[in-house]
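The next block holds one structure in the form of structure tokens; read it before the comments.
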Amino acid sequence: AAPLKADRELVLEAVHQNGNALRHAAVPLKADREMVLEAVRQNGHALHYAAQPLKAEREVVVEAVRQHGEALQHAAEPLQADSLLSPDAVAVNPFAVQGSKSLVCTVFELSA
């Protein structure tokens, strides 16, 4: 099973069909930017399985949040607090801001 989890093409096809397949990928593939982007575009919650450095990349987090607003809870702390990401999350799922540390700021911006 280990060689299959490390087979980049096989795992890429798997995450294309189900982003959460990233959970079963070998550790180096969880740090592969293209792999993670494909996974989060299919299922935003796949961000949970991404390597920490990718959870801190704005583009990766934005893609995850666009797919599912609640994915913001899996982002690195500084991005969770980024008030510019929360409105993106709200556009997909109004309850996503519950995971955001900038809730008050976001609510204020949305009411303006």
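Summary table
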quantity: Label-point gap, in nm, between R23 and L84 - each point 7 angstrom along Cα→Cβ; calculated: 3.3 nm
quantity: Carbon + sulfur, % of accessible area of region 1-91 - ligands and nucleic acids excluded, 1.4 Å; calculated: 54 percent
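The values are calculated or read from the model by the stated rules, or taken from the named source; none is laboratory data. Everything numeric here is computed off the predicted structure, so don't read it as measured data. Quick reminder, even Gly has a Cβ in these numbers, built from the backbone with ideal geometry, and neighbours come from all protein chains shown. Ligands, DNA and RNA are stripped out before the accessible areas are found, and what is left, the full protein with its side chains, is counted by its heavy atoms. Shrake-Rupley method; radii C 1.70, N 1.55, O 1.52, S 1.80 Å.
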